[in-house]
Each structure stands twice: as C-alpha cells, then as structure tokens.
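Peer 1: Here you go, one structure.
Just so it is clear, none of the values below were taken in a lab; they were calculated from the coordinates. What you are looking at is a predicted structure, and each value in this text was computed from that prediction instead of being measured. Glycine gets a Cβ as well: all are built from the backbone with ideal geometry, and neighbour counts include every protein chain shown.
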Amino acid sequence: MSASQELIFKIKKILVDKLSQDTINKYLIIQASTQKLYLIDNDKISFESSVSTSKNGLGNNNGSYKTPLGLHRIKEKIGQKESIYTIFESRQPTKTKYDLQNIPDKDLITSRIIWLDGIEKGINLGGEVDTFSRYIYIHGTPHENQIGTPVSHGCIRMKNDEIINLFQMVDIGTPVVIIDA
C-alpha cells in the first residue's frame with residue numbers, strides 16, 4: 001500500500017469512527033508535516049496542493065497563532081463571485097487588489113475564504129480552543145512564494161488560483177482533518 005493510500009485509509013477510519021457515519025465520500029486532509037492539502041473523493045485524491053500552516057506550529061489554544069489540529073468541517077464559504085486577488089477584511093471583500101509587482105508585507109486574506117469549525121469538544125470546539133471563533137480559514141495569500149513553508153498566523157494559506165479551484169470542489173459541511181504526521 002502506498003503512503004497516500006495508507007493516509008487515506010487512516011483518515012477515513014477516524015472520520016467514520018468520530019462522525020458515526022457508514023460512508024464519507026468527500027473530505028479534506030491537511031498534513032502539516034508535508035505542508036500538503038488533499039481533497040479525497042471516493043477514496044482517491046482528486047485535488048492536491050501545497051499549503052502554508054502556522055509559523056508557530058500546531059496547537060488549538062486561542063491566541064496561540066497556531067494551526068489547530070483535529071477534525072473540523074467547512075462552516076462557511078466566502079467570496080464565490082469575487083475576482084482573483086481580491087483582498088478581504090473582516091470577511092468582506094474590499095475594492096482593493098494587491099499589485100503583483102509590489103506585494104505588501106502584510107498577512108492579507110485574498111481570493112476566497114473557507115472558514116473552518118472544529119467539531120471535537122474540548123479539542124477544537126468550545127472555550128479557549130474553538131477553531132471557528134479563532135477565525136481559522138483556508139484562504140489565498142499574496143505571498144505565494146512562501147507556500148510550502150509554515151509562515152501563517154494560524155490559517156492555512158494557498159495559492160490564489162488553487163484556493164479558487166478548491167472552493168468550487170467542496171461544500172459546507174465537508175469534513176476537514178488537520179494532522180501533523
């Protein structure tokens with residue numbers, strides 16, 4: 001069995017056990033150790049992308065600026081009709097787009113937002129570990145040259161064209177597993 005098949009098998013078992021469902025056909029895996037995101041559809045990788053998780057590592061506490069581990073789901077999708085490189089502030093599109101020749105040295109959220117919600121009470125749901133209230137997103141970034149390196153402030157960054165593609169392939173409620181190994 002290949003490494004990717006082993007990963008899919010391992011994650012699917014976790015999903016079926018924790019979600020108490022017989023079938024789970026579509027889900028995302030974010031593997032921090034490899035800085036990769038995989039969309040699994042019917043036990044096959046249908047989309048793969050390099051990502052950037054947090055420069056502070058992995059962790060679930062509020063204020064840690066770490067990428068949260070565990071089982072999540074897509075709670076909201078924001079920006080469907082916006083053009084590539086649109087900058088979002090407080091989840092609202094601005095009229096500003098960044099200049100590709102003069103990229104600002106800021107942690108901008110661009111193109112699309114996939115807002116995650118933790119579903120494991122005490123791990124990433126509720127209190128000081130709540131992924132949703134921490135505003136953890138999968139989103140585009142102007143710093144595409146840093147994709148593949150942990151540099152975010154907790155979110156999962158993607159290249160703008162890739163977040164737009166992924167946005168179209170996932171639905172509200174799609175499970176998302178963030179793992180280290």
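Peer 1: Given the pairs 13/159; 10/75; 18/77; 18/75, which span a C-alpha to C-alpha distance of over 21 angstrom in this model?
Peer 2: Where the Cα-Cα span goes over 21 Å, the pairs concerned are 13/159; 10/75; 18/77.
Peer 1: Describe numerically, in nm with one decimal, the distance between label points set 7 Å from Cα along Cα→Cβ at residue 80 and at residue 105.
Peer 2: About 3.9 nm, to one decimal.
Peer 1: With a 10 Å radius around each residue's Cβ, average the other Cβ atoms per peptide and rank 128-136, 149-157, highest first.
Peer 2: 149-157, 128-136
Peer 1: Same structure, new question: Evaluate E = 1/(1 + (r/R0)^6) for residue 90 and residue 128, where r is the Cβ-Cβ distance and R0 equals 25 Å; express this FRET efficiency to the nearest 0.05.
Peer 2: With a Förster radius of 25 Å, E is 0.70.
Peer 1: Under a point spin-label approximation (7 Å from Cα along Cα-to-Cβ), what is the residue 168-residue 3 distance to one decimal in nm?
Peer 2: Rounded to a tenth, the inter-label distance reads 3.0 nm.
Peer 1: About the Cα centre, and with charges only on the beta carbon of Lys, Arg (+1) and Asp, Glu (-1), how big is the dipole of the range 112-181? Nearest 20 debye, please.
Peer 2: Dipole about the Cα centre, nearest 20: 120 debye.
Peer 1: Also, quick follow-up: Based on DSSP H runs of at least 4 residues, each adding -39500 (n - 2.57), what is the mean residue ellipticity at 222 nm of the chain after dividing by all its residues, to the nearest 500 deg cm²/dmol?
Peer 2: -5000 deg cm²/dmol
Peer 1: Compute the long axis of helix 3-19 from its Cα atoms, compare it with the longest principal axis of the Cα atoms of the chain, and write down the angle in degrees, 0 to 90, nearest 10.
Peer 2: Compared with the principal axis, the helix lies near 80 degrees.
Peer 1: Tell me which aspartates and glutamates have Cα within less than 16 Å of residue 36's Cα, excluding those fewer than 8 residues away on the same chain?
Peer 2: In chain and number order, the partners are 6, 48, 144, 161, 162, 180.
Peer 1: Which one of 179, 151, 114 is farthest out on the positive end of the charge dipole of the range 84-181, using unit charges on Cβ (Lys, Arg +1; Asp, Glu -1) and the Cα centre as origin?
Peer 2: 114
Peer 1: Further question: Find how much the distance from residue 18 to residue 161 grows on full extension, using 0.36 nm per residue of separation minus their present alpha carbon separation; answer in nm with one decimal.
Peer 2: 48.2 nm
Peer 1: Remind me, relative contact order of the chain in percent, using alpha carbon pairs under 8 angstrom and six or more residues apart?
Peer 2: 29
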